[in-house]
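Here's the structure we're looking at; comments come further down.
No value in this document is a laboratory result; all are computed from the given coordinates. Source: prediction; values computed, not measured. A quick note on method: Cβ atoms are made from the backbone with ideal geometry, for glycine too, and the neighbour counts reach across all protein chains shown.
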Amino acid sequence: MIKAIFFDIDGTLYSYEKGNRKAMEALADYAHKNFSWESETLFSVLQEVNAAIVSELNSTSAIHNRLIRFQRALYKYGIPVFPHAMNMYLLYWNTLIESSAAFEGVSQALSSLKDSGFKIMAVTNMTAFIQFIKLQDLYLTKYFDYILTSEEVGSEKPDFKMFHKASELSGCNISECVYVGDSIKNDYYGALEAGMKAIWFCGEETGTVEDVLSFSKWSDLPGIIGSLNDH
Ligand SMILES: [Mg+2]
């Protein structure tokens, strides 16, 4: 019997890809105006710095903190960290958040699941502050009981600790929980390996994968979760 449903945020509740593209365009404009960098320079510098940070910090939420990423990039190339690191950080997130909206049907599906009595939590690889702002600006906070981030857990999906902590906080056994997310590796298989059920949000372009329980339209989700409870 499913009692708790956990959701990924980025790429599942809204299009991270679209928001990130807009935010990177805004950053490219900023870097061009302020340091005469071409966009290719900016993208390669950020990529290089990000790879170094990921290898140093491994699987911790600080790898997602763009303030650290931007500061490191500016410092490395002799550009004043103040005020540019903070300006870039705010520009990136404000642009991404302002240009993002929940996918069609998300609000209705969450509302119907909430009305059916499920415990609903967001379980996400990211820093808490940014994820709280995202849910707020997507107008989805009223459906969620909790946002569990990798910052709070100290490790990242697909680590089982993320899924086990979510189950513990929900007060439900791991077998009574289902995870819904767009990453087949981090979300779908991560949750299954941790012992919960999982549903992959595959989006319309990606298509389905054999033997993977999936959906591409949010209006289908309540029915799929209902069918898990019929077995
Ligand atoms: Mg995702």
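Some observations on this one:
- Cα convex hull of segment 1-43 - mean projected area over all directions, nm²: 3.9 nm²
- Listed from fewest to most Cβ neighbours within 10 Å, the set ASP8, ASP159 follows the order ASP159, ASP8.
- All Cα-Cα distances of the chain, cut into 5 Å bins from zero to the largest, leave 1, 7, 13, 17, 18, 15, 11, 8, 5, 3, 1, 0, 0 percent in each bin in turn.
- Orientation-averaged projection of segment 142-220 equals 5.8 nm² [convex hull of Cα atoms, one quarter of hull surface area].
- Order of GLU156, GLU17 under a 10 Å beta carbon neighbour criterion, fewest first: GLU17, GLU156
- Computed from the Kirkwood radius of its Cα pairs, the Stokes-Einstein diffusion coefficient for segment 17-98 at 20 °C and 1.002 mPa s stands at 167 µm²/s.
- Proximal lysines to LYS119, defined as alpha-carbon separation beneath 25 angstrom and excluding residues fewer than eight positions away on the same chain: LYS3, LYS134, LYS142, LYS157, LYS161, LYS165, LYS185, LYS197, LYS217
- At q = 0.12 Å⁻¹ the log10 of I(q)/I(0) for segment 98-231 amounts to -0.45, computed by Debye summation with a single uniform scatterer per C-alpha, solvent ignored.
- Alpha-carbon centroid distance for the pair segment 50-108 / segment 124-167, whole angstrom: 17 Å
- Across MET86, MET162, MET196, mean-square fluctuation computed from a Gaussian network of the chain (C-alpha pairs under 10 Å connected) peaks at MET86.
- Rounded to the nearest 10 degrees, the inclination of helix 39-57 to the longest alpha-carbon principal axis of the chain is 60 degrees.
- C-alpha long axis of helix 81-98 to longest principal axis of the chain, angle in °: 40 degrees
- Per-residue Cβ neighbour rank within 10 angstrom, fewest leading, ARG66, ARG21: ARG21, ARG66
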